[in-house]
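Before any comments, here is the structure.
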Amino acid sequence: MKLAINGGEAVRRRKFKAYNTIGDAEKAAAKRVLDRGVLSGFIGSWDQNQFYGGIEVQDFEAKWSKYFGCKHSVSVNSASSAIQIALGALDIKNGDEVIVSPYSMSVSATAPLMWGATPVFADIDPNHYNMTPESIKSKITSKTKAIIVVHIFGCPADMDEIMAVARENNIKVIEDASQSPGAIYKGKKAGTIGDIGVFSLNVHKHIQSGEGGVCVTDNDELAVRLQLLRNHSEAVVEGMGRLDLKNIYGFNFRITEIQAAIASVQLQDRLDKELSLRQEYAKAYDDILTKFDFIETTNVEADRTHAYYIQGFRFLKEKAGITREKFVDAVCAELDVVEGYESDGVQVWCGYTKPLYRLPIFGYDLNLPVVEDMYANKLFLHDFTKSSISKDDMLDVINAYQKVCENINELK
Ligand SMILES: *Cc1c(COP(=O)(O)O)cnc(C)c1O
């Protein structure tokens, strides 16, 4: 069978549907808020009720705490804001060091800069791409105050070992669970294991409100500090009777009632379904791709579940006899783009992100071997696990991979 990249017929010439999870329940929730006319219930000063936001915001936070099994949830306008106030709540200051992952969305490494702290990069695990406890340990100095653990692509990091390293060294742990809402690690939800967990509700994530984020914590004092940082602390502490906190100045990181109402519906009606479907699809792809000795997948250990924000694989060029790039180009040639997102190309790509220490803002002289190898040689990703993918779409993707794998000699 001639590969499409060599002029053969492609497996699929039909665009994929875009991911759109806004349905009737979300529309009804937004309308309920519009009918009420109160688009935000926040005020930026002390008031026993309005300091904490309107009814939709408070209801959403209560639902989030219940679902995730945590004591406090503090909604904010993005996960980027959430990481920023998490560091502020933990009192990260000028001169402190924060250990971060080089393989994540940029903000999980840049956020410490906003507090004058220094990001220190640790290397990643070659199976699930999260920072390893060993690498974290090797980066600890007397200045290390926090670790920002990212559960990248949706797979929980080795939290028991990371928490043990952190506790031994009196270091705080922030979990960036933006890509792993609902993933489970040893019976607990990812994001609820460290001191503060962070989630994203931006339009690309499992569940969304356009823009948005949430901080979670079981610590009462951290919750107060997060709420103050979200909402004009400087104008609040006096009325609140917390003059001991007078050196915190706050931001406006509040979400609107409409965002909260939509996010509530998404959490209640969609997250679990989205997770089980993604796990089912990911397993189907794993079953096919790992039949070929030049492809490896993430071995998800029995003590955790993977949320599959996106799905990663490793391509072993020595065994395949061709490069990862050639393989991915051939798979892309068999498939089609996403409606409305044509310029993004076919949703299979190489490398994820350049190791973040090489961003112009850092320009660190670093070379962490595992992340470099994943970026330059091994990792490829696809975005075919989400619920916009039908069973038929999934079979097309499987056929495309299978065709290229079986005919790999055509590419040599
Ligand atoms: C999406 C994402 C963020 C940022 O989320 P925003 O809500 O857009 O600020 C942070 N970290 C990770 C790992 C992400 O995937």
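The values are calculated or read from the model by the stated rules, or taken from the named source; none is laboratory data. It should be emphasised that the depicted structure is a prediction, and the values quoted were computed from it without experimental measurement. Here the Cβ is made from the backbone with ideal geometry for all residues, glycine too, and neighbour counts use every protein chain on show. When the accessible area is computed, the model is the full protein with side chains, heavy atoms only, and any ligands, DNA or RNA have been set aside. Shrake-Rupley method; radii C 1.70, N 1.55, O 1.52, S 1.80 Å.
Data overview
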| read-out | value |
| --- | --- |
| Cα lying deepest toward the dipole's positive end in the stretch 162-273, options GLY187, SER200, VAL165, charges on Cβ | GLY187 |
| Full-extension gain in nm, SER138 to GLN50, via 0.36 nm per residue minus C-alpha separation | 27.1 nm |
| Accessible carbon and sulfur surface of the chain relative to its total accessible area, %, 1.4 Å | 49 |
| MET240 accessible area, 1.4 Å probe, all protein chains in place, Å² to nearest 10 | 40 |
| Too-long pairs where the Cα-Cα distance tops 31 Å, listed order kept, from LYS15/LYS354; LYS17/LYS354; LYS283/LYS354; LYS17/LYS172 | LYS17/LYS172 |
| Label-point separation in nm, ASP218 to ASP35, each point 7 Å along Cα→Cβ | 4.0 |
| Accessible area of ARG36 in the full protein assembly, 1.4 Å probe (Å², nearest 10) | 100 |
| Environment charge of THR298, counting only residues whose C-beta is closer than 15 Å and scoring Lys/Arg +1, Asp/Glu -1 | -2 |
| Per residue value of the accessible surface for the stretch 77-209 (all protein chains in place, 1.4 Å probe), Å² | 29 |
| Dipole in debye (nearest 20) - the chain, about Cα centre, beta carbon charges: Lys, Arg +1; Asp, Glu -1 | 280 |
| Packing-based ranking, highest mean first, of 134-141, 252-259, 20-27 given that Cβ atoms within 10 Å are counted | 252-259, 134-141, 20-27 |
| TYR185 accessible area, assembled protein chains, probe 1.4 Å, Å² | 0 |
| Test item: Cα-centred dipole of the stretch 287-403, Lys/Arg +1 and Asp/Glu -1 on Cβ, debye | 340 |
| Cα centroid separation - the stretch 52-87 against the stretch 224-277, whole Å | 5 |
